[in-house]
1. According to a simple spin-label model (label point 7 Å from Cα along Cα-to-Cβ), what is the distance in nm between Ser388 and Asp240?
2. With the alpha-carbon atoms as the only input, what is the per residue convex hull volume for segment 124-270 in Å³?
3. Between Ser114 and Leu438, what FRET efficiency follows from the Cβ-Cβ distance if R0 is 45 Å, with the result rounded to 0.05?
4. Would you please give the FRET efficiency between Glu226 and Ala395, computed as 1/(1 + (r/R0)^6) with r the Cβ-Cβ distance and R0 = 56 Å, to the nearest 0.05?
5. Set the bar at 28 Å for Cα to Cα. Now go through Lys279/Lys501; Lys246/Lys278; Lys279/Lys490 and name every pair that lies beyond it.
6. How large is ³J(HN,Hα), in whole Hz, for each residue of segment 399-408 in order, when computed from phi with the Karplus curve 6.51 cos²θ - 1.76 cosθ + 1.60 and θ = phi - 60°, using x for Gly and Pro?
7. Can you give the three extents of the C-alpha atoms in segment 313-426 along their principal axes, from longest to shortest, in whole Å?
8. What FRET efficiency do you get for Asp90 and Leu124 if R0 is 60 Å and r is their Cβ-Cβ distance, rounded to the nearest 0.05?
Amino acid sequence: MQYSRRIVLAARFVAGLLVFPAIISAQSRPQFPPPSAEMARPSINQSPLPGGAQSNVNTLSTSVQVAGPYATSATAPDAQGGLLRLTIEDAIQRGLRYNLGAIYAHVQLKSAQSSLVAMRSALLPTVTGGLSENVDKVNLAAEGFDASSLPSIGSYFPSVIGPFHFYSAQGQVSYSPFDMVAVRNLLSARQQSKSAQLSEHDAREQIVLAVSATYLQALVQQARVESVESQVKYAQAIYDQAAQQKEAGARSSIEVNRSRVQLQTRQQQLFAQQGELKKQKMRLARLIGLSADRDLQMVEVLRTSDGTLPELEALYERAQERPDVQAAKADLKAAEESRGAAKAEWLPSVHISGNFGMQGATLNSGRLVYQGTGTVNIPLFNGGQTHSDVQQADAVVEQRRASLSAKLEDVRFEVRSVWVDEETAGKQLVVATDNRLLAQQTLQQSIDRFKVGAADSVEVAQSEDLVASAEQDYIGSVFALRLAEMGLAKAVGAAEQDIPKIVKGVHP
């Protein structure tokens, strides 16, 4: 048995020398930054609208477009319930928590952070441990050992040995102290993670704009309802006055009928405006995690301000710090690092591996064993794969550089565009305010003349139409100004900070 044991050990040693595999570190591939997947963004559209039946002046037609994941939200725990008094701060905080735009951006950030952890792990040691029990029975003839190859042993040489077993408790370590591809991949992943963080910040800005603009639309619609309610009261008073004068013989039936038609027309307008207000509240609810059935009461009111226009150059400088601009710069740096990783495929890499532990026939007879291997991997020829990777990385860098250039110019265009909108809306608000006052004075004069019989219902109806048009122009001008101020805050990257003040009528 002593001979058998020694022969087995010798056979294992020789076989290990003959078939021991060379442990070579497989060089990492460069990790190219994924293309940026921008979500549909909320937008503010303002365009000239010729005057018509509802307007006596050329005003700005203002609308807010919210699309993609920003247009809906996850369901909040308190989505259902009774009447909810909602401030602009409450609406924004709910939007930042439940809007799908925020959720999607956070998921993208988590994905980028997980990629960063994976790239970092490639540069850290990998350590594992294990406990095993091995049972062997070896056919020495199959391994190339027989009596003829070892004549000194002669007939004592066995053809099969075993079965025998041994125990092993070892720890393995693997480490790459020098691998520039992995280093460059790590630097690229850091920039991608930074870009994802900035994109999440930009998503917050988009959500603040979407929620606040929709909240403002609801306030505007509420103001329109109140305006039409006031017009209904005027029309009701005129109708009652005409009916009384007819009873007294001072008015004809046609005058009463005209007054009644005017009253019912205003009532129809009121029903339409009230329905639109309900729908606008439903749109707001879906942005902030509430059910469309939830009844909302906006605490804020539609306010105006007399703020002055800021300087364009100062706005341009602030806009350079926008999170989406900084994210585009981080994307470019990530692409440049990936190009460096592609070029680093030509460089050698160093890999170290080994194990250390106890091994023995029984748990009590274990002996210290260890093994270590150091490998230098020198790339010589890979069929042009490195050249292909470098070309691909160059293309990504070129694309990211062009995207950044376009982004910077788009930001200037956006800032100047909303600045012009604010300037135009401010001028129109001045005129609309004066027209509103004149129209109200004209209506009051017509009512006074009607009461004493100096005017008929046609003149009063015309004055009421003039007031209705002036009110719509005034509300629309306030809406356009407030929305332009919101757009300017978003254009310079200060939506979350400034827009709540704007809704409250405070110029930031």
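1. The two pseudo-label positions are separated by 8.7 nm.
2. Taking only Cα atoms, segment 124-270 has a hull volume of 314 Å³ per residue.
3. Taking R0 as 45 Å, the efficiency between Ser114 and Leu438 is 0.10.
4. The computed FRET efficiency comes out at 0.45.
5. Pairs exceeding 28 Å: Lys246/Lys278.
6. Each residue of segment 399-408 in turn: 5, 5, 5, 5, 5, 5, 4, 5, 4, 4 Hz.
7. Each principal axis gives a Cα extent; for segment 313-426 these are 92, 41, 18 Å.
8. Using R0 = 60 Å, I get an efficiency of 0.85.
Laboratory data are not the source of any read-out in this text; all were calculated from the coordinates shown. Note that this is a predicted model, so its numbers are computed, not measured. Neighbour counts run over all protein chains shown; Cβ positions are idealised from the backbone, glycine included.
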